[in-house]
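What follows is calculated from the coordinates using simple rules that are stated; it is not laboratory data. Not measured: the values here are computed from a predicted model. Positions of Cβ are generated from backbone atoms using ideal geometry, with glycine treated the same way; all protein chains shown enter the neighbour counts.
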Amino acid sequence: MLELTITALSHAAEGIGRHEGRAVFVPFALPGETVRVEIVEEKKNFARARLVEILSPSPDRIAPRCPHHFSLESLLSRAEEAGEGPGVRACGGCHLQHLAYPAQLKFKQQIVIEQLTRIGGFTNPPVLPTLPAPAPFNYRNRVQFSLTPEGQLGFRAVADPRGTAPGTNSHRLIPIRECHLLHPALAELFPRINIESAPEIERLTLRAGAEDETLVIFESESDAPEVELDLPVSAALLRPDGAALTLAGRDYLVEVVRGRAFKVSAGSFFQVNTPVAERMVELVLNGLALAPSASLRGPLAGGETVLDLYCGVGLFTAFIAPVAARVIGIESFPPAVSDAAENLDEFDNVEIFEAPAEAVLSDLGIKFDAIVLDPPRTGCAPAVADALAAAGASRIVYVSCDPATLARDAKRLAAGGYTLDWAQPLDMFPQTYHTECVAKFSRQ
């Protein structure tokens, strides 16, 4: 047992204290708190501990809204009462419900600053204050559940009953009775889903679209499950290759951003927080700063060529096309390419290439005036980052959902002659440590 003073939060929202020169990571502890902990894992340069008692709470600590989240009362957890040993068993869907929302926003700004400094090598990076979400709760239009052996919908536990580190014993599931992150239509839907016996179902995803339309997506490598519906929902089976089989209704939803409709198939990516996605579109357009051409008139008033890398269903392309001369989109997921073809059908100045970015980018032979990219959490492959730096565009707008990979790729762009003009965190994922960020790079 140790008594620690917590001085900071890690990028994964674990409290950090120090003991005998080593960092000690403590899930659910907050900066400024004095806590009593028990070491559960020791490494050469750091240790992990479970929170036993909060001796002096932070003024930013609040009572979490959700009963599945960690709370002071859960220090003597139900797991201990069940004979599984001491510790805290909390849902892994949220990491920060115990932290006041203004402090969450400051934490996310600081994480972007730290990653750009430590990984990217930037001195005093120009990171703006985090833009808050319009709704800190009930925002997720997509949620993925795992199934307990009894067929209950559940989330992975953030820590096992012995208090080990997040991610360990990840097979442990917590059956969910309520979730305050879900879009209201999904919060109403999921308690009404009854899985009697379906061992072939690996995961269950719920999506909500415009006008509270809902889609239930089963993921399985075997036969389609037998489905009975007495709810006004659509249902589809998603195969590992991304192909969808319609079970009821249709296998896609319609999302609306800034008054524009987008078809989104069962397996296609779309931002989980639609109001924040609208703000993101504005930031991308501002960062691209597309210059009108005096020689062009009408709806296509732009004079520049733009690359939309990892373009998905065409969210950014749809707003770039009216103010650019030409837009090239690259996307590797076939259903998303099909969605983009429908979503962008009205534009004659848009071309979509279905291919991995690293396979086609260096061979396009097109000079781009501006580039926008929205890669997966893993960021860009080194060949892609190098090709972007060599493409010669005067500005690049990078949309990131992981500050660490943003910082890594920003370092490559800086080595290629680009300057980081600004980085704008957005709270796409309130109550979690996940941080969305839009960064603008330019060079003469």
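One way to sum up the overall shape of the stretch 204-266 is the equivalent ellipsoid from its Cα gyration tensor, whose semi-axes run 22, 14, 8 Å, largest first. Between the alpha-carbon centers of the stretch 323-340 and the stretch 380-398, tell me the distance in whole angstrom. Cα centres, the stretch 323-340 to the stretch 380-398: 18 Å. Mean separation of Cα pairs under 8 Å and 6 or more residues apart, divided by the residue count, gives the stretch 9-55 a relative contact order of 32 percent.
Other residues whose C-beta falls under 13 angstrom from the C-beta of Ala47 contribute a net charge of +1, scoring Lys and Arg +1 and Asp and Glu -1. Each of Arg140, Arg177 was scored by other Cβ atoms within 10 Å of its Cβ. Arranged with the fewest first, they read Arg177, Arg140. Counting only DSSP beta bridges with both residues in the chain, the antiparallel share comes to about 65 percent. Taking Cα centre as origin and charging only the Cβ of basic (Lys, Arg, +1) and acidic (Asp, Glu, -1) residues, the dipole magnitude of the chain rounds to 1680 debye. Straightening the chain between Ser56 and Lys106 buys 15.9 nm, computed as 0.36 nm per residue apart minus the Cα-Cα spacing.
Using C-alpha pairs under 8 Å with a sequence gap of at least 6, the mean separation divided by the residue count of the chain gives a relative contact order of 13 percent. When the trypsin sites (Lys or Arg not before Pro) in the stretch 360-426 are filtered for DSSP coil states and for at most 16 other beta-carbon atoms within 10 Å of their beta-carbon, the remaining sites are Lys367, Arg377. Comparing Pro67, Pro232, Pro356 in a Gaussian network model of the chain (Cα springs below 10 Å), the most mobile by mean-square fluctuation is Pro232.
Overall size of the chain from C-alpha positions, given as principal axis extents largest first: 74, 58, 35 Å. Per residue, the convex hull spanned by the Cα atoms of the stretch 300-435 measures out at 114 cubic angstrom.
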